[in-house]
Structure formats: C-alpha cells, structure tokens
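The values are calculated or read from the model by the stated rules, or taken from the named source; none is laboratory data. What you are looking at is a predicted structure, and each value in this text was computed from that prediction instead of being measured. Here the Cβ positions follow ideal geometry from the backbone for every residue, glycine too, while neighbour counts run over all protein chains shown.
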Amino acid sequence: MNNKVTKHTLAVRVVGSNGELYWDNADMVVASAYDGEVGIKPKHAPFLAMLKPGQVTIITGEHEEGFYVSGGVIEVQPDLVTILADDAERAKDIDEAKALKAKEDATRLLADKTAKLDYAKLQLQLAQSLAQLRAARRFKNSAEHKRS
C-alpha cells in the first residue's frame, strides 16, 4: 500500500486465487453482494457479505478501477475493505472472446434438455461469463470515454 489511510480514504485489498490484485487507498468501493449492490465509503459500519459473480469498482478521485470476481467474501471495517475472491481479475485484462465463448457454450448446453448435465454448474458458468463480459465492457467503455 502506497499511502497512509486518511479520514477521507480507506484501505482496499482484493485477493483472488491467483494472488493479490490490489492493495491501496480508495475513496469508495462498490461490489455485487447476494443481498444487492453495496457501496462502501470511509468509516462504514463493519459487515461481512457473500459476493456473487460480478463487478467490483474501486473509486479514487476521478479514477475508477474495475475487477471481475467469480464470488467470494467482502469484509468491511471502518478503514479497510478486504475482498477475498474465489477468482478475480482486472476488468481490463479479461479476454472478452473467451468469456463470450464460455457464455455461448453454457447457453447451448443448458438448451439441450436430453443431455445428462450438471445444470447448476452450467448456470454458474453462464452467470460468471456474463459477469465477466459486463465488467470488461463497462470498463473498456469508460476507458474509451475518458480518452475522448
């Protein structure tokens, strides 16, 4: 972490199965929990929640950094947000073609009612690939918008 936490910032840590992806200060964190979208600012009341496949947005000043998480846990303390994800990656690093193929494969298999498949696993694959695509496209579009 680069800077000391101030009364206007909180420390944020994002860790996935492939290691630590983010550890720095931020003004706000937004994440997709099973109970709904959560927005955390400094001095937030402590809580623990399960994350669903979706986006995590870390806001620092005018800058937003996006991540995809496949699920996991968010722990909030007044000056620290820790996200422990099953799998996580920066939105800008998502391979859109691979996520689109995973979505199409899952959709095709779910439509085949004659096959003996693990439908719960396929539905999770579909939800994860859709969340990856949303994260990649949102942050790709916002990066392009800021350049113009």
| field | Residue in region 117-128 that is in contact with a strand residue (DSSP E or B) (Cβ under 8 Å, 6 or more places away or on another chain), at pLDDT 75 or above, farther than 29 Å from residue 25 by Cα and not β-branched (Val, Ile, Thr) present | value | yes
| Would you pick out the residues in region 1-56 that are within 26 Å of residue 124 (Cβ to Cβ), part of a strand (DSSP E or B) and among the aromatic types (Phe, Trp, Tyr)? | 22, 47
| request: Go through (1) within 19 Å of residue 17 (Cα to Cα); (2) touching a Phe, Trp or Tyr at 6+ places or on another chain (Cβ under 8 Å); (3) at pLDDT 90 or above one by one and return the number of the condition residue 82 breaks. | output: (2)
| query | Just a yes or no: is a residue in region 90-109 within 17 Å of the chain's Cα centre (by Cα), surrounded by 12 or more Cβ atoms within 10 Å (Cβ to Cβ) and under 29 Å from residue 45 (Cα atoms)? | reply | yes
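Residue by residue through region 79-115, note down the ones that are of a type in the set (D, E, K, R), assigned to a helix (DSSP H, G or I) and under 23 Å from residue 29 (Cβ atoms). Walk me through how you get there before you give the answer.
Step one: filter region 79-115 for residues of a type in the set (D, E, K, R), giving 79, 86-87, 89-90, 92-93, 95-96, 98, 101, 103-105, 108, 112-113.
Those left that are additionally assigned to a helix (DSSP H, G or I): 92-93, 96, 98, 101, 103-105, 108.
Those that are of a type in the set (D, E, K, R), assigned to a helix (DSSP H, G or I) and under 23 Å from residue 29 (Cβ atoms): 92, 93.
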| Any hit, region 57-71, residues being aliphatic (A, V, I, L, M), in the same structural domain as residue 138 (by TED's automatic domain parsing) and buried (at least 20 other Cβ atoms within 10 Å of the Cβ) | no
| note | By residue number, the members of region 62-78 that are part of a strand (DSSP E or B) and either free of Cβ contacts under 8 Å to residues at least 12 places away in the same chain or among the β-branched types (Val, Ile, Thr) (or both) are 63, 69, 73, 74, 76
